[in-house]
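Below: the structure, in structure tokens.
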Protein chains: 2
Amino acid sequence: MNERLPVQGAHGDLLRLVATGKAESRADLARLSGLAASSVSLRVEELIDAGLLAEEGSGTSRGGRRPRRLRLSPTAGVLAVADLGAHHVRLGLLDLSGTPLVVEERPCEIADGPQTTLGRIADAFDELLAEHVPPAVPLRGVGTGIPGPVDPATLRVVTPSRMPGWNDFPVADHLATRYDLPILVENDANLMAAGEARWWPDHENLMVVKAGTGIGCGVIVNGRLHRGRGAAGDISHVRVRSDSSVICACGHPDCLEAYASGAALTAALAESGIEVSRPADIVGLVNDAVPEATSLVRNAGRRIGEVLTVLVNFFNPDVVAVGGSLSAAEPLLTSIRAAVWERCLPLATRDLEIAPARAGRDAALLGAGSLLLEAALTQS
Amino acid sequence: MNERLPVQGAHGDLLRLVATGKAESRADLARLSGLAASSVSLRVEELIDAGLLAEEGSGTSRGGRRPRRLRLSPTAGVLAVADLGAHHVRLGLLDLSGTPLVVEERPCEIADGPQTTLGRIADAFDELLAEHVPPAVPLRGVGTGIPGPVDPATLRVVTPSRMPGWNDFPVADHLATRYDLPILVENDANLMAAGEARWWPDHENLMVVKAGTGIGCGVIVNGRLHRGRGAAGDISHVRVRSDSSVICACGHPDCLEAYASGAALTAALAESGIEVSRPADIVGLVNDAVPEATSLVRNAGRRIGEVLTVLVNFFNPDVVAVGGSLSAAEPLLTSIRAAVWERCLPLATRDLEIAPARAGRDAALLGAGSLLLEAALTQS
DNA sequence: CGAGTTATCTTCGAAATCGAAGGAAGTGAC
DNA sequence: GTCACTTCCTTCGATTTCGAAGATAACTCG
């Protein structure tokens with residue numbers, strides 16, 4: 001049972017406010033939406049009748065009558081989201097407030113090409129839906145993260161590296177043939193940023209750095225994902241200061257990625273005779289105080305920090321959140337901080353937080369849910 | 001005669017659309033505001049009755065009946081704006097659509113301190129108003145640009161260099177004692193960006209670089225000025241790659257400003273035995289094909305371009321507009337372009353325009369008008 | 001030059017939204 | 001406990017906004 005949410009205009013606004021956790025009562029909704037309390041009441045009634053909202057107990061008093069708590073009805077629908085990596089896919093079902101119902105990870109080779117990969121994801125969605133969601137609860141949207149650039153205008157993959165067969169593939173159109181629903185296709189770092197944003201509710205401007213096999217970055221401006229013309233957030237091919245000269249896969253010398261990515265660290269460790277298979281293994285080495293690993297990670301942090309310096313001065317965010325598998329290595333964050341504090345303008349760092357990402361491993365899935373909900377509730 | 005605009009909510013929206021030139025007819029307003037055509041007609045009638053809007057002839061047909069052109073009434077009010085520099089102030093009066101009525105430049109030493117300087121500006125405003133504006137036309141807002149950082153929360157000047165006596169001075173509060181009106185206080189590069197933005201109506205994301213005595217930059221995201229926490233847009237203290245090592249006034253080595261600003265070029269020319277007093281003189285030398293000057297400017301452009309490379313990848317704007325007195329030297333723009341095209345990701349430069357600023361010398365004043373109008377029309 | 005097309009603007013009944021008033025359900029002071 | 005006060009939510013008449021239909025006015029093309 002798939003169907004679009006029957007919401008237009010202000011109904012969508014109200015649902016979104018509840019879904020994102022910004023509002024919990026009719027009074028909250030009136031305050032945040034700008035509508036009159038009476039209109040809110042009417043609308044909420046309609047949404048409850050439509051089975052989208054539900055009343056659930058009462059909230060805590062703020063000095064007067066207790067509010068009647070509003071939640072999205074569990075039967076209102078689910079979202080199916082995936083985060084595609086090079087060798088695996090993480091997928092899950094979320095309720096309409098973005099809370100995960102199920103999350104699992106499956107092996108999946110992106111090199112098998114888009115048709116195969118997307119088919120597998122869709123099959124997995126079907127399985128999960130059959131197993132975990134009653135048939136009466138409709139699917140309301142489908143979204144996926146892609147480890148490469150996505151053109152926001154066409155929702156096609158553009159000039160990806162390491163994704164043979166995907167170039168210019170119309171991912172959204174392909175999914176649309178299987179699902180007549182709102183479809184989201186977005187770069188994985190952007191999804192991660194969108195997910196992280198919900199954990200920093202009072203912060204408008206965020207940079208979210210993903211330090212894993214590659215180095216990604218997503219940007220939140222005024223609480224919303226900044227896409228630019230589709231490529232925004234790239235920091236991996238910034239030129240870093242260096243004595244030697246390393247040619248990056250992109251063809252230019254001395255890209256940040258060639259020095260500070262998980263892939264680069266893995267290669268450097270191999271030169272020291274230490275073999276690791278995944279960036280997470282490097283974290284283990286650091287925790288075991290293997291000097292080569294610690295030194296490399298510290299260096300990577302400093303390099304990332306130097307790049308962030310430029311961006312912090314320019315963009316002047318409230319928060320720089322650092323996630324990705326490498327971020328579990330403490331020296332990384334420490335040396336990023338040191339570089340930024342040292343070199344940035346005092347005005348730019350005055351109230352800046354540089355902190356570990358809060359959203360955890362499912363950040364991208366949560367972000368997909370957040371953006372998808374937005375899309376599903378904004379239509380018409 | 002000073003008074004606040006008696007506008008609330010949707011009335012303000014309509015006025016703003018006309019003022020910013022986005023709408024010229026009732027039909028435009030209906031399309032852009034989302035209101036029904038009938039509501040627009042009613043409102044417009046009210047605004048005309050209130051003396052804020054006026055009908056003026058008819059526009060060009062788009063294949064059907066000609067629209068009746070709407071303009072802000074010339075009697076609707078004026079804005080007084082100033083752009084403060086180190087040794088002079090540029091000031092002007094604008095009508096409510098942001099069109100300059102008078103602009104003039106006066107000598108004015110910022111080092112005389114805020115009280116004196118602001119007093120002079122206000123006196124100048126009074127003179128201009130008495131001379132150029134009928135008493136019946138009310139002043140609707142006052143704004144000024146500051147050549148230093150402004151805290152957007154308090155509208156105070158914070159840690160400015162080269163502005164003795166101004167640190168932490170509450171500029172807006174001080175002006176408010178003389179004018180009971182909307183007051184705008186903003187960094188000059190930000191004002192320039194806001195002014196420039198109106199010349200790129202279909203472009204949402206802009207970087208506006210001001211290459212003059214210093215190097216400033218303003219950022220427009222989604223059509224609106226991005227302030228961050230107040231320091232956004234700084235690019236002058238980014239570290240550039242360099243063999244030697246020059247200590248910048250900020251205390252750090254190898255800031256962009258120490259290599260590519262008008263001040264730095266002036267100093268470098270002096271070492272070659274060529275004395276110039278203003279950055280504009282350097283442009284003259286370049287036009288006269290003085291090799292030292294050309295080479296220096298070309299180098300400055302390359303350095304600025306290298307910094308922009310990072311920011312273009314990250315922010316992925318539609319346009320990079322280059323203004324400021326140095327921008328009149330052709331090699332500057334050319335070498336900026338070369339550096340960016342060479343090093344940026346193809347995806348980021350695919351549709352990027354790197355172009356001379358369009359708004360001209362009054363950019364900051366126009367920007368002040370634009371932001372001030374926004375402020376005056378948003379209240380309540 | 002007249003008929004068809006396109007676009008702008010107004011009219012008017014229907015629908016939505018608002019806001020003041022009031023009831024409901026709490027908190028905190030005495 | 002009682003009383004004053006706060007907050008939450010609903011009721012209901014007044015107002016605003018909408019949208020379909022029509023009037024007006026121009027353009028285009030045979």
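Where residues in the stretch B:150-165 are in contact with a strand residue (DSSP E or B) (Cβ under 6 Å, 6 or more places away or on another chain) and not in a strand (DSSP E or B), which of them is surrounded by the fewest Cβ atoms within 10 Å (Cβ to Cβ)?
Taking the candidates together, the pick is B:Val158.
For the subset of the stretch B:13-29 comprising residues that are farther than 17 Å from B:Ala54 by Cβ and more than 14 Å from chain A (Cβ to nearest Cβ), which member is nearest to DNA strand C (Cβ to nearest atom)? Break it down into steps so the answer makes sense when it comes.
The first filter runs over the stretch B:13-29 and keeps only residues farther than 17 Å from B:Ala54 by Cβ, leaving B:13, B:22, B:27.
Within this subset, residues satisfying the condition of being more than 14 Å from chain A (Cβ to nearest Cβ) are B:22, B:27.
Numbers: B:Lys22: 13, B:Ala27: 4 Å.
Once the filter is applied, the top-ranked residue is B:Ala27.
The conditions are (1) within 16 Å of DNA strand D (Cβ to nearest atom); (2) crowded, with 20+ Cβ neighbours inside 10 Å; (3) assigned to a strand (DSSP E or B), and A:Leu93 fails exactly one of them. Which is it?
The number of the failed condition is (1).
For residues that are more than 10 Å from DNA strand C (Cβ to nearest atom) and in contact (Cβ under 8 Å) with a residue 24 or more places away in the chain, scanning just the stretch B:44-72, find the one that is nearest to B:Gly98 (Cα to Cα).
B:Leu72
When you go through (1) within 16 Å of DNA strand D (Cβ to nearest atom); (2) in a strand (DSSP E or B); (3) among the acidic types (Asp, Glu); (4) in contact (Cβ under 8 Å) with a residue 24 or more places away in the chain one by one for B:Asp28, which number turns out not to apply?
(2)
Within the stretch B:324-344, identify whether any single residue is β-branched (Val, Ile, Thr) and free of Cβ contacts under 8 Å to residues at least 24 places away in the same chain, and answer yes or no.
no
Counting only residues that are in contact with a helix residue (DSSP H, G or I) (Cβ under 6 Å, 6 or more places away or on another chain), open to solvent by 30 Å² or more (accessible area, probe 1.4 Å) and outside any helix (DSSP H, G or I), how many does the stretch B:261-295 have?
1
Could you look through the stretch A:31-67, keep only residues that are assigned to a loop (DSSP other than H, G, I, E, B) and hydroxyl-bearing (Ser, Thr, Tyr), and pick out the one that is nearest to DNA strand D (Cβ to nearest atom)?
By that ranking, first place goes to A:Ser61.
For residues that are touching a Pro at 6+ places or on another chain (Cβ under 8 Å) and not polar (S, T, N, Q), scanning just the stretch B:26-60, find the one that is modelled with the lowest pLDDT.
Among those residues, the one meeting the criterion is B:Gly59.
Return yes when B:Ala23 is more than 13 Å from DNA strand D (Cβ to nearest atom), at pLDDT below 85 and either in contact with an Asp or Glu (Cβ under 6 Å, 6 or more places away or on another chain) or of a type in the set (A, V, I, L, M, F, W, C) (or both) and no when it is not.
Spelling it out, it is not the case that B:Ala23 is more than 13 Å from DNA strand D (Cβ to nearest atom), at pLDDT below 85 and either in contact with an Asp or Glu (Cβ under 6 Å, 6 or more places away or on another chain) or of a type in the set (A, V, I, L, M, F, W, C) (or both).
Can you name every residue in the stretch B:348-360 that is at the interface with chain A (Cβ under 8 Å from one of its Cβ atoms) and open to solvent by 20 Å² or more (accessible area, probe 1.4 Å)?
Within the stretch B:348-360, B:Arg350, B:Asp351 qualify.
Open to solvent by 70 Å² or more (accessible area, probe 1.4 Å) and not hydroxyl-bearing (Ser, Thr, Tyr), is that true of A:His87? Steps first, answer last, please.
Working: open to solvent by 70 Å² or more (accessible area, probe 1.4 Å): yes; not hydroxyl-bearing (Ser, Thr, Tyr): yes.
Yes.
With the structure loaded, tell me whether A:Val322 is β-branched (Val, Ile, Thr), within 14 Å of A:Ile354 (Cα to Cα) and more than 14 Å from every other protein chain (Cβ to nearest Cβ) or whether it fails that test.
Yes.
When you check B:Ser245 against the structure, is it of a type in the set (S, T, N, Q), surrounded by 17 or more Cβ atoms within 10 Å (Cβ to Cβ) and in contact with a strand residue (DSSP E or B) (Cβ under 7 Å, 6 or more places away or on another chain), yes or no?
No; evaluated as a whole, the condition is false for this residue.
Which one is nearest to the chain's Cα centre (by Cα), of the residues in the stretch A:323-342 that are under 18 Å from A:Thr309 (Cα atoms) and surrounded by fewer than 18 Cβ atoms within 10 Å (Cβ to Cβ)?
Out of the qualifying residues, it is A:Thr334.
Residue-by-condition table, conditions (1) within 11 Å of chain A (Cβ to nearest Cβ); (2) touching a helix residue (DSSP H, G or I) at 6+ places or on another chain (Cβ under 6 Å); (3) under 16 Å from A:Thr309 (Cβ atoms):
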residue	(1), (2), (3)
B:Ala193	no, no, no
B:His203	yes, no, no
B:Asp243	no, no, no
B:Asp254	yes, no, yes
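In the stretch B:221-241, what count of residues is obtained for those that are open to solvent by less than 80 Å² (accessible area, probe 1.4 Å) and outside any loop (DSSP other than H, G, I, E, B)?
Here the count works out to 2.
The conditions are (1) within 14 Å of chain A (Cβ to nearest Cβ); (2) in a loop (DSSP other than H, G, I, E, B), and B:Val209 fails exactly one of them. Which is it?
Unmet condition: (2).
If I filter the stretch A:54-68 for residues that are surrounded by 16 or more Cβ atoms within 10 Å (Cβ to Cβ) and either of a type in the set (Lys, Arg) or within 26 Å of the chain's Cα centre (by Cα) (or both), do I get at least one hit?
No: the stretch A:54-68 contains no residue that is surrounded by 16 or more Cβ atoms within 10 Å (Cβ to Cβ) and either of a type in the set (Lys, Arg) or within 26 Å of the chain's Cα centre (by Cα) (or both).
Could you check the stretch A:221-239 and list, in sequence order, the residues that are more than 9 Å from chain B (Cβ to nearest Cβ) and in contact (Cβ under 8 Å) with a residue 60 or more places away in the chain?
Selection gives A:Leu225 alone.
Could you go through the stretch A:87-102 and let me know if any residue there is within 16 Å of DNA strand C (Cβ to nearest atom), more than 14 Å from chain B (Cβ to nearest Cβ) and hydrophobic (A, V, I, L, M, F, W, C).
No.
If we keep just the residues of the stretch A:30-43 that are within 8 Å of DNA strand C (Cβ to nearest atom) and not hydroxyl-bearing (Ser, Thr, Tyr), which is least open to solvent (accessible area, probe 1.4 Å)?
Among residues in the stretch A:30-43 that are within 8 Å of DNA strand C (Cβ to nearest atom) and not hydroxyl-bearing (Ser, Thr, Tyr), the one least open to solvent (accessible area, probe 1.4 Å) is A:Val40.
Only one of (1) more than 20 Å from B:Ala363 (Cβ to Cβ); (2) away from chain A (no Cβ under 13 Å) fails for B:Arg278. Which number is that?
That leaves (1) as the condition not met.
Looking at the stretch A:328-349, which of its residues are in a helix (DSSP H, G or I) and within 30 Å of B:Gly148 (Cβ to Cβ)?
Scanning the stretch A:328-349 gives A:Ile336, A:Arg337, A:Ala338, A:Ala339, A:Val340, A:Trp341, A:Glu342, A:Arg343, A:Pro346, A:Leu347, A:Ala348, A:Thr349.
The values are calculated or read from the model by the stated rules, or taken from the named source; none is laboratory data. Because the structure is a prediction, the values reported are computed rather than measured. Quick reminder, even Gly has a Cβ in these numbers, built from the backbone with ideal geometry, and neighbours come from all protein chains shown. For the accessible areas, the whole protein counts, side chains as well, though only heavy atoms, and no ligand, DNA or RNA atoms are used. Shrake-Rupley method; radii C 1.70, N 1.55, O 1.52, S 1.80 Å.
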